[in-house]
Each structure stands twice: as C-alpha cells, then as structure tokens.
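Trainee: Dropping the structure in here first, questions after.
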Amino acid sequence: MSRIALITGATSGIGRATAELFAGAGIDLILCGRRQDRLDEISAELSAKVNVTTLVFDVRDKGAVIAMIGSLPDDWKNIDILVNNAGNAHGMGSLDEGDTDDWDAMIDGNVKGLLYVSKAVIPLMLQKGAGHIVNISSIAGKQTYVNGAVYCASKAAVEVLSEGMRLELTQHGIKVTNVAPGAVETEFSLVRFKGDENRAEKVYEGFDPLQASDIADAILYAVNAPSRVTIADITILAGAQSAATTIHRK
Ligand code: NDP
Ligand code: 8X3
C-alpha cells in the first residue's frame, strides 16, 4: 500500500522539490500552501504519478489549519508522513530597529504554524500507532547570526520542538526527524528581502549553493530508513559553507 505525505509549503523551494521526489517514490501527496494557482499546477504535474490532493491555508491561521486538515476525507486522513516545511525569514535587522510585523510573521509562521499543523496531524498518527514527522529547521536554529536573531530564534524553537516531539511520540511508533539546511537557493531570500531580486541574488553569489532537491534527497532518505532506524537530526551545508554565515566565495 502506498504511503501518504502531507507537505506544508509545497508551492515552492524545498517543499515543492520534496513533493516531486516523493511522487517519484510512489508516495501519495497532500500538498499545502497559500498559493492556490501553484498548488493546482504542481498537482496537475504530479497526478500523473500518484494521488494528489491540495489544501489552501495559512499556517498562522489556527482555525483554518484545524478545519482544512479536519476536512480531509477519511482515506486521506491516513497520513504516514508530515513534512513541516512552511516558513520563511522576513527582513534582516537589529532588535532595536526590526519590524515587529516581520517578527510576528516569523514567530507565528515558523513556530506557531508548525505547532498548529502538528496538532492537527499527530492525533491521526496516534490513532494508527505509526507515522513520521520531518521538521525543517535551519543551520540558523543552531547558530545565531547578526541581524537574524528573530529568524534564528524561530528555528531554534523548531529544533527544540523536534526534540520534544521525539520524546513524546517515539513510544507511539512515530518517528521525528529534524532537518537543518544551510544556504539553499529557493525563493527564501526573495521573500526575506521583500522582492528585492538583486539583494536576493547576492546571497548565492560566488559559490555553488544547495538546491532544494539536495534537501529533498535527505528527507526521502530519512523517511525510507528501516523501522529500526531513526534519523534524528540532519545538518546539510553547502560545499563552500562552514557555518551559517561563513561561506567561502570565489
Ligand atoms: P520558499 O520561499 O521557496 O518556500 C517557502 C514555502 O513556505 C512556500 O511554499 C510558501 O508557500 C510556504 N509558506 C510560507 N509562509 C507560509 C504561511 N504563513 N502559511 C502557509 N505556507 C507558508 O523557501 P524554502 O523552500 O527555502 O523554505 C522552506 C523551509 O526551509 C522554510 O521553513 C525555511 O525557513 C527553511 N530553510 C530554508 C533555507 C534556505 O536557505 N532556503 C535554509 C534553511 C531552512 P505559500 O507562499 O504558497 O504559502
Ligand atoms: C536559512 C539559512 O543561514 O540564511 O534558514 O538563515 S540562513
């Protein structure tokens, strides 16, 4: 029987690449995001390989998260894999000058949003005594950098939540994997710098950045590990990267 994965943030970057790789591996997909047009396009592409359904919601909207996941037909509620990937950085700035709307977007999306989705899915996994949750953290959750404190704090929270979930859920047959990528070339920097393409491109200049498919490979590896194995934590840096902000550019 094929597995079912619910992926948040499936409209772009790491989430989209994971959806594509999972489809190739025969995993049915519940694809989530705010951009309906993107979800429709990806669903049309991947439906040739596996069963796909889509849910449009903002992870910050607790009511919508619970209602949308609750509205899945029973067959689709049989979720084997949850990839908590939705998230972004918003702005970069010091704590005295930072924009509090940006802080809200990061804390509400990256932390509370992940919690809301998990709260909707964990009971479904508990019911069947099996499941696998993959949380997308960041190297920024392990190493704080200047002008990134709030984003880093949001990802440090994801690291702690991964540990907390593993402590609570292992006994119920549910595995938890924390994935911490370094610099991945996606829409991430475009979002962080509010559509400033020049500034976003500079982030990836002078070195070969990670691609979303590199992270998807690691996620598939984790969810395909035999039942005796839990891949607890994976940190993936770009080849030219030795720490969050130490990148050896040409
Ligand atoms: P992208 O900007 O390409 O993708 C972000 C995804 O998250 C989109 O699909 C977006 O969908 C979704 N999303 C963002 N906010 C919300 C929200 N409030 N509600 C619902 N969905 C939301 O970036 P990445 O693929 O790079 O980012 C994916 C994850 O990886 C994030 O958690 C990010 O923090 C993390 N990460 C990224 C790294 C990088 O260098 N790129 C490195 C380390 C971690 P939509 O807009 O349609 O809602
Ligand atoms: C994204 C990677 O180092 O730009 O989480 O914050 S970093």
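Laboratory data are not the source of any read-out in this text; all were calculated from the coordinates shown. For clarity, every value in this text was computed on a predicted model and none was experimentally measured. Positions of Cβ are backbone-derived with ideal geometry, glycine not excepted, and every protein chain shown enters the neighbour counts.
Trainee: Between residue 35 and residue 74, how high is the FRET efficiency from 1/(1 + (r/R0)^6) when r is the Cβ-Cβ distance and R₀ = 41 Å? Nearest 0.05.
Mentor: FRET efficiency, residue 35 to residue 74: 0.90.
Trainee: Any lysines with Cα under 18 Å of the residue 112 Cα? List them, leaving off those in the same chain fewer than 8 positions away.
Mentor: 62, 155
Trainee: Where does the range 93-141 land on the Kirkwood hydrodynamic radius, alpha-carbon pairs, in angstrom?
Mentor: After inverting the pairwise mean of 1/r, the radius is 13.0 Å.
Trainee: Something else: Taking Cα atoms, how many degrees apart are the long axis of helix 212-224 and the longest axis of the chain, rounded to 10 and kept between 0 and 90?
Mentor: 40
Trainee: On to the next question. Could you sort 173-185, 28-40 so that the peptide with the highest average Cβ count within 10 Å comes first and the rest follow in order?
Mentor: 173-185, 28-40
Trainee: What list do you get for 116, 151 if you sort them by fewest beta carbons within 10 Å?
Mentor: The fewest-first ordering by Cβ neighbours comes to 116, 151.
Trainee: Just need the Rg to Rh number for the range 189-232, please, alpha carbons only, Kirkwood Rh.
Mentor: Radius of gyration over Kirkwood radius for the range 189-232 works out to 1.23.
Trainee: Another question, if that's okay. Have a look at the DSSP beta bridges in the chain and tell me what percent are antiparallel, nearest 5.
Mentor: Close to 5 percent.
Trainee: Which whole-number percent gives the relative contact order of the range 4-247, counting Cα pairs below 8 Å spaced six or more residues apart? Can you show the working numbers first?
Mentor: Values: 464 pairs, mean separation 48.8, N = 244.
Computed over the range 4-247, the figure is 20 percent.
Trainee: Okay, helix-only estimate at 222 nm for the chain: each DSSP H run of n ≥ 4 adds -39500 (n - 2.57), divide by all residues, round to 500 deg cm²/dmol; what do you get?
Mentor: Estimated from H runs of four or more residues: -12000 deg cm²/dmol.
Trainee: Suppose every Lys and Arg Cβ carries +1 and every Asp and Glu Cβ carries -1, with no other charges. What dipole size does the chain come out with about its Cα centre, to the nearest 20 debye?
Mentor: On the way: 23 positive and 31 negative charges, 139 e Å.
I would put it at about 660 debye.
Trainee: Sorted by average packing, counted as other Cβ atoms within 10 angstrom per residue and highest first, what order do 135-145, 119-129 take?
Mentor: Averaged packing, sorted descending, gives the order 135-145, 119-129.
Trainee: While we're here: Please list, short to long, the whole-number percent of alpha-carbon pairs of the range 71-178 in consecutive 10 angstrom bins beginning at zero.
Mentor: Values per bin, smallest distances first: 15, 42, 27, 13, 3.
Trainee: Ignoring solvent entirely, what values of log10 I(q)/I(0) come out of the Debye formula for the chain at 0.12 Å⁻¹ when each Cα is a single scatterer?
Mentor: -0.66
Trainee: Now, a different point. Taking every pair of alpha-carbon atoms in the range 116-250, give the share separated by more than 20 Å as a whole percent.
Mentor: 52
Trainee: Then there's this: Going Cα to Cα from residue 49, which lysines come in below 21 Å? Please leave out same-chain ones fewer than 8 positions away.
Mentor: Within the straight-line cut-off, residue 49 pairs with 77.
Trainee: Connecting C-alpha atoms closer than 10 Å in a GNM of the chain, tell me which of 170, 11, 54 has the biggest fluctuation.
Mentor: 170
Trainee: Then there is this: Please rank 172, 248, fewest neighbouring Cβ atoms within 10 Å first, as an exposure proxy. Before the final figure, lay out each step's value.
Mentor: Numbers: 172 14, 248 11.
Exposure proxy ranking, most exposed first: 248, 172.
Trainee: For each of 165, 92, count neighbouring Cβ atoms within 10 Å of the residue's Cβ, then give the residues from fewest to most.
Mentor: Ascending Cβ contact count within 10 Å gives the list 92, 165.
Trainee: Based on the Cβ-Cβ distance from residue 207 to residue 96, what FRET efficiency comes out when R0 is 41 Å, to the nearest 0.05? Before the final figure, lay out the partial values.
Mentor: Details: r = 31 Å, r/R0 = 0.77.
The calculated FRET efficiency here is 0.85.
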